[in-house]
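Undergrad: Below: one structure in structure tokens.
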Amino acid sequence: MKNIYSFLVFICVCSSNVFAQENRAQNPIIFADVPDLSMIRVGDNYYMSSTTMHMSPGVPIMKSNDLVNWHLINYAYETLGNNEELNLENGKNTYGRGSWASCLRYHNNTFYVSTFSATTGKTHIFTTKDLENGSWNKIEFKPSYHDHTIFFDDNGTVYMIWGAGQLKIAELKDDLSGVKNGTERVLIENASAPAGDNIMLGAEGSQLFKVNGKYYLFNITWPHDGMRTVIIHRADDITGPWEGRIGLQDLGVAQGGLIDTPDGRWFAYLFRDYGAVGRIPYLVPVKWEEGWPVLGEEGKVPEYLDLPASEGLMPGIVASDNFERRKNDKALPLVWQWNHNPDNSLWSVKERKGYLRLKTGRIDTSFVQAKNTLTQRTIGPQSTGSTSLDVSNMKEGDFAGLCLLQKEFGLVGVKFENGTKKIVMVSAVDHTSKELESVPLNQNHVYLKAECNFKDKTDTARFYYSLDREKWTAIGSPLKMTYTLPHFMGYRFGLFNYATKNVGGFVDFDYFLISDNKLDKR
């Protein structure tokens, strides 16, 4: 009897522990590509910006009231600029470039979002009084200040810090329209030094904070034969002298900064490279010891956090869409982004009620150079995207369907060739696009599905088609998804349609469904 009682107590304790863990936040807090975080708290609300590079609209703004459950509320811009690279014209593109690490700040009842771009050669600053509903004012100037942070000091001076390895600082003009002449100088000669002298990635990703009168500068560096590492410098005066040390060196979780809660707790927000799904956000608890923020639990990134549990990434970060719109609905919810600048004359959710129509307007030679691919993030550890499309109005040479977008992409869709239609699976692994399988299509409606497995960096995907949405058939071969620097982004689900011979065709997508359930069993 005692043994049975002890066993029951053991089961209850284990169940309680599991229940306690399940009702706490778990790292990563977002299992999706949300890199280069910049975060602020205004009252009881938290706001975060991130990087989306070649996507439009760009610099997503997210909101949370608990640091864990986030939802998209806005973008800083619809399009960053207007040139051949951003418009996918004349064989040019801006994959892996576009806009990089942003800085989000709040000062005197105004929100500031800044970013920089090698594509435009400029630094861009966007301001608004209303982060969710207001219009943006835009300021831009040359040059493009790499991985910069804007800092509003207590005396009213506005600073910008930027660079890699050697960090520089300058004062900004009162209207933020550029750097004040004569104020630029070196802030820290070698910010990577606390991590040693064998450095692969010089300290960058600057974010500056002021806590109890001291200045704290966060950077990321990467030693050879090591991992991405948090470097923290502190000073009593912004002009220095600065003293630095390693802030965190675990799992490669790095780049970000500090955030506090209304009840006085502190966390560091950081991200981790996690293979094909992209760079995913983590929270790390912070304690203050002798004037230093001490990150992690005994120097480690914890799996669980004393914060509310995640309610999932749907519909705040990704969402299904049936393309049905009411009178005042946005044409596209914020979860959607176009691959590069779209041609707004070639898509519609109004021309056929309840459908997304993608029309062809030019000849394209490859999927990655095609206009108007509409995307949203894949999510881990597993996710499925599916769609239905009507291909009645395709023209000879058209190709439309569902993609997993990265440099080494995978596609399942319908090709119209030699007067007939066929379902095809295309893979671009090893830098070459290959049609791996085709199946004749003798009807005008088809269902397509892509399943992704990012668990433990498995990074594989499979593609399927159905003629009736009941029976699904695998097509082609599994795609080995690879995170490549030329695209510098996690894989994205996407809906596409482009012409290779004749313009004027179109396809209608009935819906896009995304699921984070376990992969379907067949």
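Undergrad: On each of the three principal axes of the Cα atoms of the range 388-522, give max minus min coordinate, whole Å, ordered largest first.
TA: So the extents along the principal axes, rounded to whole Å, are 43, 35, 23.
Undergrad: May I pose another question? Restricting to DSSP H runs of at least four residues, report the calculated mean residue ellipticity at 222 nm for the chain, -39500 (n - 2.57) per run over all residues, nearest 500 deg cm²/dmol.
TA: -1500 deg cm²/dmol
Undergrad: Angle, helix 2-22 long axis vs. longest principal axis of the chain, Cα atoms, 0 to 90°, nearest 10?
TA: In the chain, helix 2-22 runs at an angle near 90 degrees to the longest axis.
Undergrad: Could you give log10 I(q)/I(0) at q = 0.15, 0.22 Å⁻¹ for the range 152-236, computed by the Debye formula over C-alpha point scatterers of equal weight, without solvent?
TA: Ignoring solvent entirely, the Cα scatterers give -0.58, -1.03.
Undergrad: Now for a different question. Can you give the extra length, in nm with one decimal, that the chain gains between Asp130 and Arg245 once fully stretched, where that is 0.36 nm per residue apart less the Cα-Cα distance?
TA: Roughly 37.6 nm would be gained on extension.
Undergrad: Could you grab the relative contact order for the chain? Cα pairs under 8 Å, six or more apart, rounded to a whole percent.
TA: Computed over the chain, the figure is 14 percent.
Undergrad: What lysines sit close enough to Lys300 to cross-link, taking a C-alpha to C-alpha distance under 18 Å and skipping anything fewer than 8 places away on the same chain?
TA: Counting by Cα, and skipping residues close in sequence, Lys300 has these lysines nearby: Lys287.
Undergrad: Starting from the Cα gyration tensor of the chain, multiply each eigenvalue by 5, take the square root, and state the resulting semi-axes largest first in whole Å.
TA: 41, 30, 21
Undergrad: Determine how large the accessible area of Thr460 is when every protein chain is in place; take a 1.4 Å probe and give Å² rounded to the nearest 10.
TA: So the heavy atoms of Thr460 present about 50 Å² to solvent.
Undergrad: Take the Cα pairs of the range 304-406, get the Kirkwood Rh, then feed it into Stokes-Einstein at 4 °C and 1.567 mPa s and tell me D in µm²/s.
TA: Reported coefficient: 81 µm²/s.
Undergrad: Based only on Cα atoms, what Rg/Rh ratio does the range 33-192 have, Rh being taken as Kirkwood's radius?
TA: 0.97
Undergrad: If you count only protein heavy atoms with a 1.4 Å probe, what accessible area per residue comes out for the range 449-509, rounded to a whole Å²?
TA: 40
Undergrad: With the convex hull built on the Cα atoms of the range 462-522, state its orientation-averaged projected area in nm².
TA: Average of the hull's projected areas for the range 462-522 equals 6.8 nm².
Undergrad: Quick one: with all protein chains in place, what share of the accessible area of the range 215-340 is carbon or sulfur, to the nearest percent (1.4 Å probe)?
TA: So the carbon and sulfur contribution to the accessible surface is 45 percent.
Undergrad: Mind putting a number on the dipole of the chain about its Cα centre? Charges go on the C-beta only, +1 for Lys and Arg and -1 for Asp and Glu, and I need it in Debye to the nearest 20.
TA: Computed charge dipole of the chain: roughly 1380 debye.
Undergrad: Using Stokes-Einstein with the Kirkwood hydrodynamic radius over Cα pairs, what translational diffusion coefficient do you get for the range 43-98 at 4 °C and a viscosity of 1.567 mPa s, in µm²/s rounded to a whole number?
TA: This corresponds to a translational diffusion coefficient of 103 µm²/s.
Undergrad: Taking the Cα centre of the range 100-153 as origin, work out the dipole magnitude from +1 charges on Lys and Arg Cβ and -1 charges on Asp and Glu Cβ, in debye rounded to 20.
TA: Taking the Cα centre of the range 100-153 as origin, the dipole is about 160 debye.
Undergrad: Still on this structure, please answer the following. So which of Lys129/Lys350; Lys63/Lys350; Lys422/Lys480 end up more than 26 Å apart by C-alpha?
TA: Pairs exceeding 26 Å: Lys129/Lys350; Lys63/Lys350.
Undergrad: Assuming 0.36 nm per residue, please report the length gained on full extension of the stretch Arg469 to Asp153 beyond their Cα-Cα distance.
TA: Length gained between Arg469 and Asp153: 107.9 nm.
Undergrad: Right, something else. Just to verify a number: FRET efficiency for Thr261 and Met314, C-beta to C-beta distance, R0 = 25 Å, to 0.05?
TA: It comes out at approximately 0.50.
Undergrad: With a sphere of radius 11 Å drawn around the Cβ of Leu411, what net charge do the other residues whose Cβ falls strictly inside it have (Lys, Arg +1; Asp, Glu -1)?
TA: Computed value for this residue: +1.
Undergrad: How far is the Cα center of the range 367-444 from the Cα center of the range 236-266, in Å?
TA: What the calculation gives is 44 Å, centre to centre.
Undergrad: Can I ask one more? Under 14 Å Cα to Cα from Lys471, which aspartates and glutamates show up? Leave out anything in the same chain fewer than 8 places away.
TA: Asp520
Undergrad: Calculate, axis by axis, the spread of Cα positions in the range 315-470 along the three principal axes, and write the results as whole Å, longest axis first.
TA: Reported extents, whole Å, longest axis first: 44, 44, 34.
Undergrad: Next question. Given R₀ = 35 Å, FRET efficiency for Val211-His431 by Cβ-Cβ distance, to 0.05?
TA: Plugging the Cβ-Cβ distance into 1/(1 + (r/R0)^6) gives 0.15.
Undergrad: Report, largest value first, the span of the C-alpha coordinates of the range 314-357 along each principal axis, in whole Å.
TA: 28, 27, 16
Undergrad: Kirkwood hydrodynamic radius, computed over distinct alpha-carbon pairs, for the range 236-371: how many Å, to one decimal?
TA: Taking every pair of different Cα atoms in the range 236-371, averaging 1/r and inverting gives 19.8 Å.
The values are calculated or read from the model by the stated rules, or taken from the named source; none is laboratory data. Since the model is a prediction, treat every value here as computed from it, not as a measurement. Note: ideal-geometry Cβ built from the backbone for every residue, glycine included; neighbour counts use all protein chains shown. These area figures cover heavy atoms from the full protein model, side chains too; ligands, DNA and RNA do not enter into them. Shrake-Rupley method; radii C 1.70, N 1.55, O 1.52, S 1.80 Å.
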